[in-house]
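Just so it is clear, none of the values below were taken in a lab; they were calculated from the coordinates. Values in this document were obtained by computation on a predicted structure and should not be read as measured data. Backbone-built Cβ (ideal geometry, glycine too); neighbour counts: all protein chains shown.
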């Protein structure tokens, strides 16, 4: 049996302290189904302590009053330590999440380093005070840190989503209470160790793994000034409702049902590998930005279906610690069952399973689902409208480019998407017509220097780049004395 990674204390206000209660969270490997980690379960008393420490550090401590460059020195040390320990972080996340190691290295460990670097670059260009000539006289416009931030993050890409909140919050001068998902808390404790070693002052950061009940208590806490949340639409609505009791500011990064559109002139040799990489190969399909709807022109539908079927069948499903594995297990037993339930729903709706549709016969343990491609999908089916969050992709046909735009936009979500065409300018024109927060032409990528977030049910606000940093400030207008008139 593998050695268990265990923490007996919580990280509250920059100190390792005894939890208020005796409850613990057991982290179960999605591969072996054995316990691989154990941490304390934070309760409301722990939240009260963490918020009090963050409140005191913000209201009376040095952190919000340092120059941006001084805060950047500490944040740079955090970034550098994350880079130095990226292999350790990737392996830890693979252990607890089941993310294939190749994805963990790129998306779970190195991508957060890039997010920190982009936030630091945005902070270098930041202007905290600007004097303007208003209509009635001179005005000094000031940026002030929003205050105490509750960062509530999910299990699928924990360090990625933490970095998108922690880096700008710290650079803005905020203090942070981080609430990681109970399924995957181990990486958050490693981050706490890194922040402690980097010299983050007392009170600035707390780490409280807990369930949704504690999340609601934290979001509704009167000592919180802003809630930054990533997760499902249902959970986001609950967080927003809890925060509304105190008119607490919120930013929400929620789900997606993004479309990859293959125009009739697309080069399938280059487009389809990108599509596969942005679907089942993206954290085993457990990614909000995954391109889970593929739109093919009717004239090429059969060709696309055949080639995608072949590509999905070739994906290696197995132990995520094996560098050759592309698709690992679902993070929990419940998540696997959710995905399999959607496969059943798709069959009942009349969609055709082109490949997959079950669990791998050669995996006796672990919460695996076969890479699954549905054909003959129409956009009114539940599998085309609801976020499945697993290695399940819907193939839809369209007749005209106008039809493709309509289908791409016919969604409650608006997070991501891509278009593939031999004409780059045509691709950009197409992108301008799709209501999503991020879009790619002849590729699929996110850039931490550009704003990330969604339209419609995909969220409120933006992360990354200058826009993400701006979300952690309030604006104050100081009306300066009007100079006396001469003569």
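Okay, here's what the table says:
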| read-out | value |
| --- | --- |
| C-alpha long axis of helix 68-84 to longest principal axis of the chain, angle in ° | 40 |
| Two-site label geometry, residue 197 and residue 85: point separation in nm, points 7 Å out along Cα→Cβ | 0.5 |
| Kirkwood hydrodynamic radius of the stretch 259-441, Cα pairs, Å | 16.3 |
| Fewest-first ranking of 179, 79, 45, using other Cβ atoms within 10 Å as the exposure measure | 45, 79, 179 |
| Compactness relative to 2.2 N^0.38 Å, alpha carbon Rg of the stretch 94-134 | 1.99 |
| Efficiency of FRET between residue 265 and residue 38 - r from beta-carbon atoms, R0 51 angstrom, step 0.05 | 0.40 |
| Gained length - residue 241 relative to residue 423, 0.36 nm times residue gap less alpha-carbon distance | 61.0 nm |
| For 60, 221, 41, order by how many other beta-carbon atoms lie within 10 Å, fewest first | 60, 41, 221 |
| The stretch 259-441 - percent relative contact order, Cα under 8 Å, separation 6 or more | 28 |
| Förster-model FRET efficiency, 35 Å R0, residue 4 and residue 232, C-beta, rounded to 0.05 | 0.75 |
| Normalised contact order of the chain, rounded percent, pairs of Cα under 8 Å and 6 or more residues apart | 18 |
| DSSP beta bridges in the chain [antiparallel fraction, %, rounded to 5] | 45 |
| Sequence of 29, 99, 299 once ranked by neighbouring C-beta atoms within 10 Å, starting from the fewest | 299, 29, 99 |
| Extension reserve of the residue 302-residue 140 stretch, reckoned as 0.36 nm per residue once the Cα distance is removed | 52.1 nm |
| Tilt relative to the chain, helix 86-97 - C-alpha long axis, 0 to 90 degrees, to 10 | 60 |
| R0 of 60 Å, Cβ-Cβ distance residue 15-residue 400: FRET efficiency to nearest 0.05 | 0.45 |
| Of all DSSP beta bridges in the stretch 259-441, antiparallel share, percent nearest 5 | 15 |
| 37 °C / 0.692 mPa s Stokes-Einstein diffusion coefficient of the stretch 116-208, Kirkwood radius on C-alpha pairs, µm²/s | 220 |
| Length-normalised contact order for the stretch 146-269 - Cα pairs under 8 Å, 6+ apart - percent | 27 |
| Using alpha-carbon coordinates, inclination of helix 268-277 to the longest axis of the chain, degrees | 60 |
| Largest-first principal axis extents, alpha carbons of the stretch 207-249, Å | 23, 21, 15 |
| The chain - mean residue ellipticity at 222 nm from DSSP helices (-39,500 (n - 2.57) per run, n ≥ 4, rounded to 500) | -11000 deg cm²/dmol |
| Fully extended contour minus Cα-Cα distance, from residue 341 to residue 212, at 0.36 nm per residue | 44.1 nm |
